[in-house]
Structures are given as C-alpha cells and as structure tokens.
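To keep things clear, I will list the structure first and then write my remarks on it.
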C-alpha cells in the first residue's frame, strides 16, 4: 500500500519544477500520445515499440527543432504515416515531449532503481 501511495504521490512532489499551465499542457499531450498510439512504434525511457526511435530526448536533439518534429508528425516519412493533429494537439504533444526531454535520459543502462521501486 505504501508503494502504491508513493507512485501516486510522485507527480505532486515534482509539481514545483514546471508551471501549472505547462503541467496541464504536458498532461494533455500525454493524452494525444495515447490517442494516436505513439507508444506502439516509439519509446519513452526505453519503453514502448521498436519500429520508430526513442523520443525521450528528441526535443533537445541537435537539428530536431519543434518545426522539424511537427513536420515529421504531420507529413510522415518512409516508415511513419502522417497524422492529422489539430494545432492544439500539436502544441500539447510538443509540450509533452519537451517535459519528457527535461525529465531524464532515455538510456535504460543508466537508470537507477530507488529503494521504493521508482526508477530514476
């Protein structure tokens, strides 16, 4: 029960790191990520599909500007179809990827497992 409580308490403990508006946009972006089933092909923190690249740190990757990311999402490429996201969904998804990028590294070999079971 303590473990479950700590899992649900974690987001509120980190609330001071981002503004409430950024948190809401990121949360909405996570829903966009799930709505379009991005995790079936892409990974976050090494978890997810293997067809596309891990997107944990894509937002800060050299040459991967927000405009570039939106162009790939909307237009697709050889392996990925283009998606018809609204302007609002694009903004929310970009905020989600930005927050994921700021939260850690995508290399599972560098993950640290805490005594409470959380992975950092």
Report yes if some residue within segment 74-89 is assigned to a loop (DSSP other than H, G, I, E, B), on the phi > 0 side of the Ramachandran plot and surrounded by 11 or more Cβ atoms within 10 Å (Cβ to Cβ); otherwise report no. yes
Restricting the first residue to segment 40-54 and requiring it to be touching a residue at least 60 places away in the same chain (Cβ under 8 Å) and on the phi < 0 side of the Ramachandran plot, which pairs with a second residue that is assigned to a loop (DSSP other than H, G, I, E, B) and surrounded by 13 or more Cβ atoms within 10 Å (Cβ to Cβ) meet a Cβ separation below 6 Å and a spacing of at least six or different chains? 44/56
In the list 98, 70, which residue meets the criterion of being in a helix (DSSP H, G or I), farther than 23 Å from residue 20 by Cβ and under 15 Å from the mean Cα position of the chain (by Cα)? 70
Residues within segment 31-49 that are assigned to a helix (DSSP H, G or I) and buried (at least 17 other Cβ atoms within 10 Å of the Cβ), tallied: 3
Filter segment 50-60 down to residues that are part of a loop (DSSP other than H, G, I, E, B), in contact with a strand residue (DSSP E or B) (Cβ under 9 Å, 6 or more places away or on another chain) and surrounded by 15 or more Cβ atoms within 10 Å (Cβ to Cβ), then give me how many there are. 3
When you go through 117, 63 one by one, which is the residue that is more than 28 Å from residue 20 (Cβ to Cβ) and in a loop (DSSP other than H, G, I, E, B)? 63
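Where a number appears in this text, it was derived from the coordinates with a stated rule and is not lab data. Computed from a predicted structure; not experimentally measured. Glycine also receives a Cβ, built like all others from the backbone with ideal geometry; neighbour counts cover every protein chain displayed.
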